[in-house]
Amino acid sequence: MLRPCIGRSDEQAFLASHALNPESVAALAGGDKIGFLEQRQEKIARTVDGFLSRMAGTGHEDTPPLDSLNLDDLDDAAEGRDDRLA
């Protein structure tokens, strides 16, 4: 498809790095510019969505913020403790 000296795995890596796949390249080679752009747009959207999900940590446990734990309130937390800071 690209060049005879490029191996199949190298070709796949090249296409993936440019948000392409064999189908989108075939669409472009066949003159289907709109089909090519739609396929590439879908690939880019999936790639960006996956990246943003990983960076935002979606799917991870949603724990309350540390501020809600009120760790600095010594009066309430230290009641009944013998190591209380008077």
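What are the pairs with Cβ atoms under 9 angstrom where one residue, in region 58-75, is at pLDDT below 75 and the other, located anywhere, is surrounded by 10 or more Cβ atoms within 10 Å (Cβ to Cβ)? Sequence gap at least six, or different chains.
ASN70/ALA77; LEU71/ALA77; LEU74/ARG84
Among the numbered criteria (1) assigned to a loop (DSSP other than H, G, I, E, B); (2) modelled with pLDDT under 90, which one does GLY31 miss?
In the conditions (1) assigned to a loop (DSSP other than H, G, I, E, B); (2) modelled with pLDDT under 90, GLY31 misses (2) alone.
Show the residue pairs that are 6+ apart or on different chains and have beta-carbon atoms under 8 Å apart, the first residue being within region 24-48 and surrounded by 13 or more Cβ atoms within 10 Å (Cβ to Cβ), the second being among the β-branched types (Val, Ile, Thr).
PHE36/VAL25
The values are calculated or read from the model by the stated rules, or taken from the named source; none is laboratory data. All values reported here derive from a predicted model rather than from experimental measurement. Every residue, glycine among them, receives a Cβ derived from its backbone with ideal geometry; neighbour counts consider all protein chains shown.
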